[in-house]
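Below is one structure; the comments refer to it alone.
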Amino acid sequence: MSARPFPIGVAPFGRAPVPVVPSLTAPILSEAFGTRPLTGAAPGFVLAALPPGLVLWVQDRLSRTEFGAPFLPGMGRDLLRLDLTRPADVLAALEDGLQSRALAAVVGEIHGHAPALSFTASRRLALRAEAAGLPCWLIRHAARPEASAARMRWRLAPLPSASDPDDPYAPGDPLWLAELFRARGQPPSTWLVRHDRAADRLDFSAPAGDRKLAEPRRKAG
């Protein structure tokens, strides 16, 4: 008899499915929402989740005004920045970027309710990402989740950083409480996520007291 008669992520006898670590580098459209204003939790999480290679990073005017622009020397990623005005311009730039073979991913920041980001527009972006084989992220500032074709949708809250092994008074690796509130093909789940900066990976583990999630696991995909 097999030691694991049920596939990973599937619970027996009608129980709730067991959450599995999502692949953050999958070629899909994902959305990231911050739970607190002006914390930078969503951009930081997305930045840590990006694959190696050149990334197109696009901001609309309000995102740039309220949250600032990425400081390229300190980002730890190879970014190609575009400073645009309207959400519609950001969406058009992301679609164009997904047609480039020189990019490893595309990221767009959009502030507030954006009529241009309709369900149809998000579906077009999702299909372009899947056809191109590239991850596409939308960072939504000061916005509530609306109808979207995004395959994964995250709510992100910052947590106190982990301890620095060399200096107890210095900040250590970043930590987030990450709620995957919508995902295609898997149930909603909540994770404690740590960016191991030395290894440049995301480690997922169950929040304290949550026995439904698996033991700490590394970034998938």
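The values are calculated or read from the model by the stated rules, or taken from the named source; none is laboratory data. Predicted, not measured: the structure shown is a model, and the values here were computed from it. Cβ coordinates were reconstructed from backbone atoms using ideal geometry, including for glycine residues, and neighbour counts include every protein chain displayed.
Here are a few things to note about the model shown:
- Condition met for residue 127 (surrounded by fewer than 18 Cβ atoms within 10 Å (Cβ to Cβ), modelled with pLDDT of 95 or more and either under 30 Å from residue 88 (Cα atoms) or touching a Ser or Thr at 6+ places or on another chain (Cβ under 9 Å) (or both)): yes
- Test: residue 173 is over 15 Å from the mean Cα position of the chain (by Cα), modelled with pLDDT under 95, surrounded by 13 or more Cβ atoms within 10 Å (Cβ to Cβ) and part of a loop (DSSP other than H, G, I, E, B): yes
- Any hit, segment 201-217, residues being outside any loop (DSSP other than H, G, I, E, B), in contact with a Gly (Cβ under 7 Å, 6 or more places away or on another chain), modelled with pLDDT of 90 or more and buried (at least 18 other Cβ atoms within 10 Å of the Cβ): no
- Among the residues of segment 65-111, those identified as closer than 17 Å to residue 141 by Cα, assigned to a loop (DSSP other than H, G, I, E, B) and modelled with pLDDT of 95 or more are 84, 85, 86.
- Members of segment 158-172 that are hydrophobic (A, V, I, L, M, F, W, C) and in contact with a Gly (Cβ under 8 Å, 6 or more places away or on another chain): 162
- Residue 158 touching a helix residue (DSSP H, G or I) at 6+ places or on another chain (Cβ under 7 Å), buried (at least 21 other Cβ atoms within 10 Å of the Cβ) and within 18 Å of residue 39 (Cβ to Cβ): no
- Within segment 148-165, the residues that satisfy the criterion of being at pLDDT 95 or above and assigned to a loop (DSSP other than H, G, I, E, B) are 148, 149, 150, 151.
- Residue match in segment 113-128 (condition: touching a strand residue (DSSP E or B) at 6+ places or on another chain (Cβ under 7 Å) and part of a strand (DSSP E or B)): no
- Residue-level analysis places residue 168 outside the set of residues that are part of a loop (DSSP other than H, G, I, E, B), surrounded by fewer than 16 Cβ atoms within 10 Å (Cβ to Cβ) and touching a residue at least 12 places away in the same chain (Cβ under 8 Å).
- Selection within segment 113-164 - within 14 Å of the chain's Cα centre (by Cα) and of a type in the set (Lys, Arg): 140, 151, 153, 155
- Residues that are of a type outside the set (A, V, I, L, M) and closer than 21 Å to residue 68 by Cα, drawn from segment 99-137: 108, 109, 111, 112, 113, 136, 137
- One residue alone among 140, 151 is among the basic types (Lys, Arg), in contact with a Phe, Trp or Tyr (Cβ under 9 Å, 6 or more places away or on another chain), in contact (Cβ under 8 Å) with a residue 60 or more places away in the chain and more than 17 Å from residue 195 (Cβ to Cβ), and that residue is 140.
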